[in-house]
1. Could you tell me how many of the residues in segment 89-113 are of a type in the set (A, V, I, L, M) and assigned to a strand (DSSP E or B)?
2. Of all residues being within 11 Å of ligand 2 (Cβ to nearest atom), buried (at least 20 other Cβ atoms within 10 Å of the Cβ) and polar (S, T, N, Q) in segment 44-79, which is modelled with the highest pLDDT? Just the residue, please.
3. List the number of the failed condition for residue 33; all other conditions in (1) near ligand 1 (Cβ under 9 Å from one of its atoms); (2) touching a Leu at 6+ places or on another chain (Cβ under 7 Å) hold.
4. Check off (1) in a helix (DSSP H, G or I); (2) out of contact with any Phe, Trp or Tyr (no Cβ under 8 Å at 6 or more places or on another chain) for residue 83 and give me the number that stays unchecked.
5. Looking at (1) within 11 Å of ligand 1 (Cβ to nearest atom); (2) loosely packed, with under 15 Cβ neighbours inside 10 Å, which one does residue 147 not meet, given that it meets all the others?
6. Regarding residue 93, is this residue of a type outside the set (S, T, N, Q), modelled with pLDDT under 95 and within 16 Å of ligand 2 (Cβ to nearest atom)?
7. Taking segment 114-131 only, how many residues are assigned to a helix (DSSP H, G or I) and within 12 Å of the chain's Cα centre (by Cα)?
8. Has segment 38-49 got any residue that is more than 16 Å from ligand 1 (Cβ to nearest atom) and under 15 Å from the mean Cα position of the chain (by Cα)?
Amino acid sequence: MEINTHNAEILLSAANKSHYPQDELPEIALAGRSNVGKSSFINTMLNRKNLARTSGKPGKTQLLNFFNIDDKMRFVDVPGYGYARVSKKEREKWGRMIEEYLTTRENLRAVVSLVDLRHDPSADDVQMYEFLKYYEIPVIIVATKADKIPRGKWNKHESAIKKKLNFDLSDDFILFSSVSKAGMDQAWDAILEKL
Ligand SMILES: Nc1nc2c(ncn2[C@@H]2O[C@H](COP(=O)(O)OP(=O)(O)OP(=O)(O)O)[C@@H](O)[C@H]2O)c(=O)[nH]1
Ligand SMILES: [Mg+2]
């Protein structure tokens, strides 16, 4: 598929099913803990500075944000998990919103699950991966902030993450940086293959 990635815009934000776009365009969702770099990933992939708003304030994105890309596909920015300063009630509400989207959305082609290359995956990261495997939703693991780790140590960190996730070797694993743009072409290849 030929996609002009420069032709992108935010389409809408949704709290539940009734607000999702009603067409058949394929969607790729971005999941990961708060602050891992989901919005930065979207901006980098679309060569935009601040299309998907990024901030130092974790837990800010509370809705599913749908981005139209060239009227051919969409990115769906999912609010981050694992933000400590969120009440139990808020967490439950978040859980229902994400679960509804991930388990019922026919447009969904794959989830880009982001983890921080610097750290072992959190319990929430492991749970997200297990959830996606359980529902047989195609997964692309993107390990972010690779620019913060010297290249000579990338392998070691990659192995640690794969081990902790009980990573399925048939899934994609991409080392990525929104600063250096490392991994961007690989990420596009993996995404286009899922559409
Ligand atoms: N060095 C470096 N910093 C990054 C990278 N990706 C994101 N960041 C920084 O990490 C912080 C969080 O990035 P966001 O993209 O807002 O994270 P998010 O996952 O969308 O966070 P929430 O919307 O709160 O869930 C920002 O200060 C980014 O500039 C990266 O690849 N390298
Ligand atoms: Mg965000």
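The values are calculated or read from the model by the stated rules, or taken from the named source; none is laboratory data. The structure presented is a predicted model; accordingly, all values stated were derived computationally and were not measured. Positions of Cβ are generated from backbone atoms using ideal geometry, with glycine treated the same way; all protein chains shown enter the neighbour counts.
1. Residues that pass the stated criteria total 4.
2. 65
3. Condition not satisfied by residue 33: (2).
4. Of (1) in a helix (DSSP H, G or I); (2) out of contact with any Phe, Trp or Tyr (no Cβ under 8 Å at 6 or more places or on another chain), only one is false for residue 83: (1).
5. Failing condition for residue 147: (2).
6. On the way: of a type outside the set (S, T, N, Q): yes; modelled with pLDDT under 95: yes; within 16 Å of ligand 2 (Cβ to nearest atom): no.
For residue 93, the condition - of a type outside the set (S, T, N, Q), modelled with pLDDT under 95 and within 16 Å of ligand 2 (Cβ to nearest atom) - is not met.
7. As a first pass, look at segment 114-131 and keep what is assigned to a helix (DSSP H, G or I): 123-131.
So of that shortlist, the ones also within 12 Å of the chain's Cα centre (by Cα) come out as 125, 128-129.
Qualifying residue count, segment 114-131: 3.
8. Just the residues of segment 38-49 that are more than 16 Å from ligand 1 (Cβ to nearest atom), to begin with: none.
The answer is no, given that none of the residues of segment 38-49 is more than 16 Å from ligand 1 (Cβ to nearest atom) and under 15 Å from the mean Cα position of the chain (by Cα).
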